[in-house]
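Everything on this sheet refers to the single structure shown next.
The values are calculated or read from the model by the stated rules, or taken from the named source; none is laboratory data. Keep in mind it's a predicted model, so treat the numbers as computed, not measured. Please note: Cβ atoms are built from the backbone with ideal geometry, for glycine as well, and neighbour counts cover all protein chains shown. Quick note on the areas: whole protein, heavy atoms, side chains included, nothing else; ligands and nucleic acids left out. Shrake-Rupley method; radii C 1.70, N 1.55, O 1.52, S 1.80 Å.
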2 protein chains.
Amino acid sequence: MDRHLPDGGLALACLAEHMLQPGVKGLPLTEPMRQGAIPLQRWNVLRGDTSYPVALLKETALLHNLDWMRRFCARYGAVLAPHGKTTMSPQLFGAQLANGAWGMTLATAAQVQVAYRFGVRRVLLANQLVAPADIRAMLALMKDDPGFEFYALVDSGEGVQRLSRAAAAAGLERPLPLLVELGLAGKRAGCRSQAEAMAVAQEVARVPGLQLAGIEGYEGLLHSHDRAGSVEAVRAFVAELAALVRQADEQKLFGGDKILLSAGGSAYFDLVAHGFAGMKNLSRPVLPVLRSGCYLTNDHGSYQDLTQDVTEREHASGGLQPALEVWSMVTSRPEPTLAILSMGKRDASYDMELPIALYTHRPAQELSAEPATLPTALPTDLPPGCRIEKMNDQHAYLRLPEGDALCQELKVGDLIGCGISHPCTTFDKWPLLLVVDDAYTVRYAVNTFF
Amino acid sequence: MDRHLPDGGLALACLAEHMLQPGVKGLPLTEPMRQGAIPLQRWNVLRGDTSYPVALLKETALLHNLDWMRRFCARYGAVLAPHGKTTMSPQLFGAQLANGAWGMTLATAAQVQVAYRFGVRRVLLANQLVAPADIRAMLALMKDDPGFEFYALVDSGEGVQRLSRAAAAAGLERPLPLLVELGLAGKRAGCRSQAEAMAVAQEVARVPGLQLAGIEGYEGLLHSHDRAGSVEAVRAFVAELAALVRQADEQKLFGGDKILLSAGGSAYFDLVAHGFAGMKNLSRPVLPVLRSGCYLTNDHGSYQDLTQDVTEREHASGGLQPALEVWSMVTSRPEPTLAILSMGKRDASYDMELPIALYTHRPAQELSAEPATLPTALPTDLPPGCRIEKMNDQHAYLRLPEGDALCQELKVGDLIGCGISHPCTTFDKWPLLLVVDDAYTVRYAVNTFF
């Protein structure tokens, strides 16, 4: 782990000792290399030192976003359990925890096991645990390590019964803390009414081995093209979650020393924080837990749009910055307005939008035995009209506007820097991402475990 | 490596020694386990033994497809260099080579390095090598290992010059063999005319350090909804490739002891094999090299459709069989016609079609300390109208037809087996897939390296 991205006390030294074999995407290796030796190489992406495609994280933007979110949560008295499924990167988990995150949110038992392995000791599993193997694995962690704080969701009597039986079978000495999930009609998991949620909450409080720790919902699914309507719907849903907390507290269903109240993906966490702030006069303190995963890297597409709305609603002067770029090389220039890039569906998100072509750069020297001097120029902005119009598994089609001088001169071997839309579906395509400084010199690497 | 999927002499024993950590998707681990110990566990997927989602390969279908393609190639006098980018699995590469594959096709230098590391010694890189780091890596393999047979594509003078300079800089003692790529107007890489291709071929033959080894094209991009029109266009393109071979041979441009003539993705390899068969009266023998990658697992969607056309055109009695399934669990049952599954964009292809819901099964016992007896029933077919209508990163929405008794009874904890459409974009979501017998008992695992 690098000294500049603090690891929150996580035991990540093992990854510095990790031996990288030739064939790791993006790395210019001909021999195995200790991951800890990457900073010594001083690879520069604009100089053409790496392999392409290569996935980059801009350290300045990461640090900015970490700080931005820490300050945001402090302002509202909320805590952050960032959704780790976005990056599944232990080093980034470490940076988030070191910057004030309360714990990590994760989506599956396997993801929890990865996080635990690298030192995460407080987890909110944002799903109902169902598979016997998954339940056993989570209860084993709780049993083996009294310091492991674990919360999961539940939305049905069937789910409650399975967990209660499993807790008994595992001989767990402390109760399994659960949050009842309130859902949305026509959307994903979660109880469809306050009455249904209350029934599940009552059952959690009643059966042995479990404890009602809080109430949870996910407002991100309310995203629609009607922005004002979405905001209104989110506010109403957040109010419903808060009402459910009051109702369950009146019925004395909560256990533990606080009540967790959790919502807040990457699009509306400001509305959630606002709606959850200042809940008083309950049997115990309420802890609002936000769960944004994409704040850390943001993007140049959908999430940039969504978080710009947050910035506007907050009247903040500066918002989150995009930190994730995928750089590829022009491998063929078969037609005047077409360049084929060494990047495809295996390398960049395509589920919300195709990658966004941002920059180009021509490496000054190639194939020289001596390392060239560092590029003195930053990459050049591509003109409007340059866009990725299609991707195959391993190729992208960059369409160039007619008559633009820069584009006419674009040639085989030139670099293209793309932003992406939806960090989650780019991270899962890279076992290793390179963290770069503002001049695109590689500082160190972070791993992912998908 | 398992004894039933022969490894073609590849050095794969190292993967049996690979230590799997808790957190590998699909595996029910609470402690690290040697990969070689998986067969001893006798996990059964229908019994609920694994974690879910889990990606499965049906061994019977794999063996059928391996044999089918071996016999197909023999019939036409073609050889197979299956596209390894589909699976990126060393064990599956080994099975392909053991079943008569001539070599492996790969898409990137990093993929070649992975294949080489696990013993593949004949590679067709189906792209132009451009990045200095990638060129250096490939030439280093050629230089270090005289037994490594490596071919790459080229489609421009710029590409030829880069490679010629690099071969000189590397001090390579044997020429780098190249195939000139013929492309298609408006499509991907490749020269856009016979004249352009001939000019590149002449340059390859002229410059030092390179050798013209053959001609290549990729007909798969001609796929359209007009099936008859697509077939006609493929036949014409295949004829163009053959004509280019004759023209280059007349000009004595080829080096080496044979002429490679390569095309053939997974949709039209029969048309390619037919068009390439029986080329005679050239300066040296022509070796038709097919490159299908998806034949090995086929699928329940696009590739099944495409290869059924092949079967019909070949008047064959039986075609390729779908071997790849992703099984997930119902984690929530929030509305009468909606089930939420523990599978999402991280687990199954969504680029061509969403996963195809095929089967359901209710594990007989759950959470029992003793392993239950093996299920006696095979999974039940889901009724028509059951379909995955949406996926998020970690969830799928299974829409159920109204009024169907089986669907009404579907509950939390039930298993759902899905076929997929497009093997490449499912393999890249799984570091490890489980090979099962016909009763869904896990026999062993194969790894992927993306």
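At-a-glance table
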item	result
Yes/no for residue B:6 being modelled with pLDDT of 95 or more and either more than 12 Å from every other protein chain (Cβ to nearest Cβ) or out of contact with any strand residue (DSSP E or B) (no Cβ under 7 Å at 6 or more places or on another chain) (or both)	no
Test set (1) under 30 Å from residue B:301 (Cβ atoms); (2) open to solvent by 50 Å² or more (accessible area, probe 1.4 Å) - residue B:229 fails condition number	(2)
Residue in segment A:398-420 that is part of a loop (DSSP other than H, G, I, E, B) and within 15 Å of residue A:297 (Cα to Cα) present	yes
Number of positions in segment A:12-30 that are away from every other protein chain (no Cβ under 14 Å) and part of a loop (DSSP other than H, G, I, E, B)	2
The lone exception for residue B:174 - which of (1) open to solvent by 10 Å² or more (accessible area, probe 1.4 Å); (2) within 12 Å of another protein chain (Cβ to nearest Cβ) it fails	(2)
Some residue of segment B:272-294 being within 29 Å of the chain's Cα centre (by Cα), surrounded by fewer than 16 Cβ atoms within 10 Å (Cβ to Cβ) and touching a residue at least 60 places away in the same chain (Cβ under 8 Å)	yes
Candidates A:445, A:372, filtered to the one that is at pLDDT below 95, at negative phi and out of contact with any Cys (no Cβ under 8 Å at 6 or more places or on another chain)	A:372
Residue among B:209, B:217 that alone is within 21 Å of residue B:123 (Cβ to Cβ), modelled with pLDDT of 95 or more, open to solvent by 20 Å² or more (accessible area, probe 1.4 Å) and small (Gly, Ala, Ser)	B:209
Residue under evaluation residue B:164, criteria (1) at the interface with chain A (Cβ under 8 Å from one of its Cβ atoms); (2) farther than 18 Å from residue B:113 by Cα, criterion not met	(1)
Among residues of segment A:385-408, those that are open to solvent by 60 Å² or more (accessible area, probe 1.4 Å) and either more than 14 Å from every other protein chain (Cβ to nearest Cβ) or closer than 13 Å to residue A:337 by Cβ (or both), counted	7
Conditions (1) among the hydrophobic types (A, V, I, L, M, F, W, C); (2) open to solvent by 30 Å² or more (accessible area, probe 1.4 Å); (3) closer than 24 Å to residue B:138 by Cβ; (4) away from chain B (no Cβ under 13 Å); number of the one not met by residue A:33	(4)
Residue satisfying all of: in segment B:185-204; more than 7 Å from chain A (Cβ to nearest Cβ) and part of a loop (DSSP other than H, G, I, E, B); nearest to the chain's Cα centre (by Cα) among these	B:187
Segment A:103-125 residues that are small (Gly, Ala, Ser), paired with ones that are part of a helix (DSSP H, G or I) (beta carbon under 6 Å, 6 or more apart)	A:109/A:134; A:109/A:137; A:109/A:138
Condition check for residue B:50: within 14 Å of another protein chain (Cβ to nearest Cβ), within 21 Å of residue B:298 (Cβ to Cβ) and among the β-branched types (Val, Ile, Thr)	no
Single residue of segment B:106-128 satisfying the filter (more than 8 Å from chain A (Cβ to nearest Cβ) and in contact with a Lys or Arg (Cβ under 8 Å, 6 or more places away or on another chain)) that is farthest from residue B:82 (Cα to Cα)	B:126
So residue A:348, is it more than 8 Å from chain B (Cβ to nearest Cβ) and part of a loop (DSSP other than H, G, I, E, B)	yes
Wholly within segment B:75-168, strands (runs of 3 or more DSSP E) carrying at least 3 residues that are aliphatic (A, V, I, L, M) and crowded, with 22+ Cβ neighbours inside 10 Å	B:122-128, B:149-154
When residues of segment A:421-450 are limited to those that are more than 14 Å from every other protein chain (Cβ to nearest Cβ), open to solvent by 10 Å² or more (accessible area, probe 1.4 Å) and outside any strand (DSSP E or B), the one nearest to residue A:106 (Cα to Cα)	A:437
